[in-house]
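Here the structure is laid out as structure tokens; the discussion comes afterwards.
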Amino acid sequence: MDCLFCKIAKGEIPSKKVYEDDEVLAFYDIEPKAPTHILIIPKLHIKSAAEITAKNSAVTAHIFEIAAKLADELKLKDGFRIVTNCGDSAGQSVKHLHFHLLGGRDFTWPPG
Ligand code: AMP
Ligand code: ZN
């Protein structure tokens, strides 16, 4: 399957890793939208948040644990945002589930 994030998860395409275990990889976004911008992905291919089911949702819970740990380690104490874009109208450009962990600046609400 021709999936960029599957290739990054397998190490076939390099990334600047911040965390890795058997199920999850976190790495720096190549085009950061904030002073801290990390992507956290399941190593298993899940297309988007629309494909989270009772069978595969444990990894998403795990991703949120990793996000909290990274936010603490990276000292995002003023706040941070976790975003997942799902589908074309939300601007999902890579069709492998990923959570953006953004911090180091103020964010507007609602998002654009
Ligand atoms: P989205 O637009 O929500 O699907 O997010 C995809 C993200 O992947 C974007 O923020 C891109 O900047 C980022 N991205 C694309 N290619 C790479 C890469 N090779 N390494 C790290 N981040 C990437
Ligand atoms: Zn994939």
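The values are calculated or read from the model by the stated rules, or taken from the named source; none is laboratory data. Values in this document were obtained by computation on a predicted structure and should not be read as measured data. Using ideal geometry, Cβ is built from the backbone for each residue, glycine included, and neighbour counts are taken over all protein chains shown.
There is no residue in segment 60-81 that is within 15 Å of ligand 2 (Cβ to nearest atom) and part of a loop (DSSP other than H, G, I, E, B).
Restricting to segment 94-108, count the residues that are hydrophobic (A, V, I, L, M, F, W, C) and more than 16 Å from ligand 2 (Cβ to nearest atom). Number satisfying all stated conditions: 3.
State which residue is nearest to ligand 1 (Cβ to nearest atom) when the search covers only segment 65-106 and only residues that are among the acidic types (Asp, Glu) and touching an Asp or Glu at 6+ places or on another chain (Cβ under 9 Å). Only one residue tops the list, namely Asp106.
What number of residues within segment 65-79 are within 13 Å of the chain's Cα centre (by Cα) and of a type outside the set (D, E, K, R)? Outline the logic, then answer.
Pass one, segment 65-79, residues within 13 Å of the chain's Cα centre (by Cα): 65-68, 70-71.
Narrowing the set further to residues that are of a type outside the set (D, E, K, R) leaves 66-68, 70-71.
Number satisfying all stated conditions: 5.
When Ala26 is tested against (1) of a type outside the set (Phe, Trp, Tyr); (2) modelled with pLDDT of 95 or more; (3) within 14 Å of ligand 2 (Cβ to nearest atom), just one condition goes unmet, and that condition is (3). If the condition is being more than 14 Å from ligand 1 (Cβ to nearest atom) and either more than 18 Å from Ala9 (Cβ to Cβ) or within 11 Å of the chain's Cα centre (by Cα) (or both), then segment 44-64 contributes Thr53, Ala54, Lys55, Ser57, Thr60, Ala61, Ile63, Phe64. Total residues in segment 13-43 satisfying the condition of being away from ligand 1 (no atom under 11 Å from the Cβ) and not in a strand (DSSP E or B): the figure is 5.
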